[in-house]
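Data first, discussion second: the structure below is written as structure tokens.
The values are calculated or read from the model by the stated rules, or taken from the named source; none is laboratory data. Bear in mind that the values here come from a model prediction, so they are computed numbers and not experimental data. Here the Cβ is made from the backbone with ideal geometry for all residues, glycine too, and neighbour counts use every protein chain on show. Protein only, heavy atoms only, side chains kept; ligands, DNA and RNA dropped before computing areas. Shrake-Rupley method; radii C 1.70, N 1.55, O 1.52, S 1.80 Å.
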Amino acid sequence: MAASGSSDDARPDDARPDDARPDDTRPDDARPEDDLIPHPADAIYADGPSTAELDLAEVEIEETIPTADAAPPAGPPEADAPDPAEAAKPDDVIREPDDVEADTADGETGYARRVDPAGRTRPLETAGERPSPKAALVYNPIKVDADTLRETVTRLSADAGWAGPLFYETTVDDLGDDVTRQALDEGVDTVLVAGGDGTVRAVSEAMSGSGVPLAIVPSGTGNLLARNLRLPLTEPDAMVRAVFDGDRLAMDVGWTELSRPDGTTAEHAFVVMGGIGLDAAMIANTNPQLKKTVGWVAYVDGAARALPYAKPFRVVYELPGHRLHSSRVQSVLFANCGRLPAGLDLIPEASIADGALDIVIFQPKGPFGWLFVWRRVAWDNSFLRRFRTGRRVLSLRTKDNAVIYSRGAGIELATHEPRPVQLDGDEFGEALSVKTRVAPAALLVVVPKGHDTDGL
């Protein structure tokens, strides 16, 4: 595909007019990024793009509730009421509903039961009683105390009157998606997942669109989805208990189709964020043993290893409904959530329930460009925006183009050379092109009773 514009400093602006054709000749001073969708994160800057308000069409609702002075509905005259003596014929008995014989097979009692095509009874695990709800636990055995967690789920299931839970351990070959599908085939009512971000991602992928609730028991290094949902990170019992008495929240799921250098394609889900470029290289360079020892801080080591070799690369990208753009970038992120460990807000105002993905393009120029990136993420987004005075400071500051935000249904991009890709903090090899989309409200997650979901 050919780009209709090229620029090293992309900045979102108003979309092109509806009557403009894709092959319109653009002025020499026009920038290809001028039709990007403005992102709320940029609105606070003095020279940032404005966001048009939606014009809500007024829908006139026809009143169907009768007024007090409306005429009563026509009905049969009192003289036409049935005669009790006639209704009691032929045996002079007026029958009540309880007098009517049950419509079922003779001599059959108890609850309804399941039968096979030949009519033979299929036994139930509950010995003929009405089946109880059942939960399944998918866990990474190297991330959790498996014995304690299984005992907790079993005990709380029994206390709630649920049937005995099912347990599945993940392996190197199965991160959790295959066993989750097995659990869904068993007809479980809820799936609990305990493991790292990769395990949560894999289980969420299998459960997307199923309608079965997912309960996250934070157990890994980053716990990114749990952090963005503001779940209790150190109280596993609270999240297990929420399965039986908690609330439910519908959240979006992102999907990414990767085109490999060998011509093959693969599609995977993500629930937090994915990216191509430097962020994926940073994760690939993180020492696994160090990650086990110090947790998410190990990514700092990965960044130190990746930055000296980081070079901008040419990417051609397109937002749905807009022209192609070309730019030299260090990384492109597509995110469902915006919060990182250590209180960093990478994407302000990101929402897991808005039916959209947030796009972040990093294009710093030179070593000082990274200072602008760090200031935007660690200072502007994570600190100043929390205070009224800080927001006033940001409104007076001239915006730089080191970090560009946009929002939409997804993004499609391609590179000239294969680049590393990451999804929810796990490596996913290299790709020549990436196509993302969002599945709105595709995953039902469990939250504790009365959990504050404002701003999620």
How large is the dipole of region 179-253 about the Cα centre if only Lys and Arg carry +1 and Asp and Glu carry -1, each at its Cβ, rounded to the nearest 20 debye? 220
To the nearest 20 Debye, how big is the dipole of region 404-456 about its Cα centre, given +1 on the beta carbon of each Lys and Arg and -1 on that of each Asp and Glu? 240
Within region 179-198, whose backbone N sits under 12 Å from a point 7 Å along Cα→Cβ of residue 142? 196
Checked against the positive end of the charge dipole of region 174-288 (+1 on Cβ of Lys and Arg, -1 on Cβ of Asp and Glu, about the Cα centre), the farthest of 244, 200, 284 is 284
For 362, 244, the accessible-area ranking with a 1.4 Å probe, largest leading, is 244, 362
